[in-house]
1. In the list Ser114, Ser94, which residue meets the criterion of being in a helix (DSSP H, G or I) and buried (at least 16 other Cβ atoms within 10 Å of the Cβ)?
2. Going through segment 78-91 one residue at a time, which ones are in contact (Cβ under 8 Å) with a residue 24 or more places away in the chain and open to solvent by 60 Å² or more (accessible area, probe 1.4 Å)?
3. Take Ile39 and decide whether it is of a type in the set (A, V, I, L, M, F, W, C), assigned to a helix (DSSP H, G or I) and open to solvent by 70 Å² or more (accessible area, probe 1.4 Å).
4. Which count do you get for residues in segment 8-33 that are closer than 21 Å to Val122 by Cα and not small (Gly, Ala, Ser)?
Amino acid sequence: GAVLSMFGALIMLIAFAGVSLSGVTLGVNSMIAGSLLTILGIQVGSFGVFSTIASDPIQRPNDLITNRITDDLTLERGATAGIVVFAGGAAYASLLVAEWVATGFGGVPFTEASILAFTAIVLGAQMVFSSFFMSALAENV
């Protein structure tokens, strides 16, 4: 999950920055694919954490990343991180809406900026709810 989400975030970063790779500049479609990979990677990672918490302790993975997440990630830390990511995305989306209003409610261009903002909103909300679910699982195990 971590590799998938990092790869997606890298694609989004390259597309958003407009960096040219071997003469090819990634655009909106690459940004959509990067967003999808980032969200999917976070989902896969969350599923792995949930499975680790709910699984049999004897079969539980014992690697550094899994142990760090299950030991150090609390409801408060996860929810706070999610709120920060959500708020950043919402603030950026609000800025985009304000620009749209300032231009007289013309056509809304489908831009990399809106994809970035909405991806942050989705990831932030997902982080908050995943933190609550992880906390509930940890209390029942």
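The values are calculated or read from the model by the stated rules, or taken from the named source; none is laboratory data. Given the structure is predicted, the values throughout are model-derived calculations rather than measurements. Methodologically, a virtual Cβ is constructed for each residue, glycine included, from the backbone with ideal geometry; neighbour enumeration extends over all protein chains shown. These area figures cover heavy atoms from the full protein model, side chains too; ligands, DNA and RNA do not enter into them. Shrake-Rupley method; radii C 1.70, N 1.55, O 1.52, S 1.80 Å.
1. Numbers: Ser94 fails: buried (at least 16 other Cβ atoms within 10 Å of the Cβ).
Checking each option against the conditions leaves just Ser114.
2. Ile83, Val84, Phe86
3. No.
4. The total comes to 10.
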